[in-house]
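One structure is given here, and the rest of the page talks about it.
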Amino acid sequence: QVQLVESGGGLVQAGGSLRLSCAASGRTRSRYAMAWFRQAPGKEREFVAAISWGSHNIYYARSVNGRFSISRDNAKNTVYLQMNSLKPEDTAVYYCASGPVATTDPKYDYWGQGTQVTVSS
């Protein structure tokens, strides 16, 4: 069992930056991929970014490519999402996820509680 806890969300103006963190605890001994998804009110959950255990495979959604950067610190069991040039369209609840393979599909084994990101115009 793995617990994921996101942090770093908040309110920011368009063009600003935020860095989200997701700390994993529990049985995290094996190699695992991590990812970020988001869900805005009235919209489907969408993929944001994913990263493999060794950070060799990294994927971004087209909507955030070039603006967001995903990284991880395995010693801390933590994944980060650096969000730059934020747009109002980025407003959503951001969820951290972990699983055996980095994928754009929401087929991960564990999910965090989510952290709200609000970008004002």
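The values are calculated or read from the model by the stated rules, or taken from the named source; none is laboratory data. Note that the coordinates shown come from a computational prediction; the quantities given were computed from them, not determined experimentally. Quick reminder, even Gly has a Cβ in these numbers, built from the backbone with ideal geometry, and neighbours come from all protein chains shown. For accessibility, only protein heavy atoms count, side chains too; no ligands or nucleic acids. Shrake-Rupley method; radii C 1.70, N 1.55, O 1.52, S 1.80 Å.
Using a probe of 1.4 angstrom and keeping all protein chains present, the accessible surface of region 27-121 works out to 55 square angstrom per residue.
Label-to-label distance for Lys43 and Asp109 is 3.0 nm, based on points extended 7 Å past Cα in the beta-carbon direction.
Show me the trypsin sites (Lys or Arg not before Pro) within region 1-97 that DSSP assigns to loop and that have at most 15 other Cβ atoms within 10 Å of their Cβ.
Values: sites: Arg19, Arg27, Arg29, Arg31, Arg38, Lys43, Arg45, Arg62, Arg67, Arg72, Lys76; in loops: Arg27, Arg29, Arg31, Lys43, Arg45, Arg62, Arg67.
Counting only loop positions with at most 15 other Cβ atoms within 10 Å, the trypsin sites (Lys or Arg not before Pro) in region 1-97 are Arg27, Arg29, Arg31, Lys43, Arg45, Arg62, Arg67.
Would you work out the relative contact order for the chain, in percent, from Cα pairs under 8 angstrom that are 6 or more residues apart? Intermediate values should be presented prior to the final figure.
Working: 308 pairs, mean separation 43.7, N = 121.
Taking the mean separation of contacting Cα pairs over the length of the chain, I get 36 percent.
Taking label points 7 Å from Cα along the Cα-to-Cβ direction, Ser120 and Ala14 give a separation of 1.4 nm.
Calculated from the alpha-carbon coordinates, the chain shows an Rg and a Dmax of 13.3, 42 Å respectively. Centre-to-centre, using Cα atoms only, region 1-60 and region 63-121 are separated by 3 Å.
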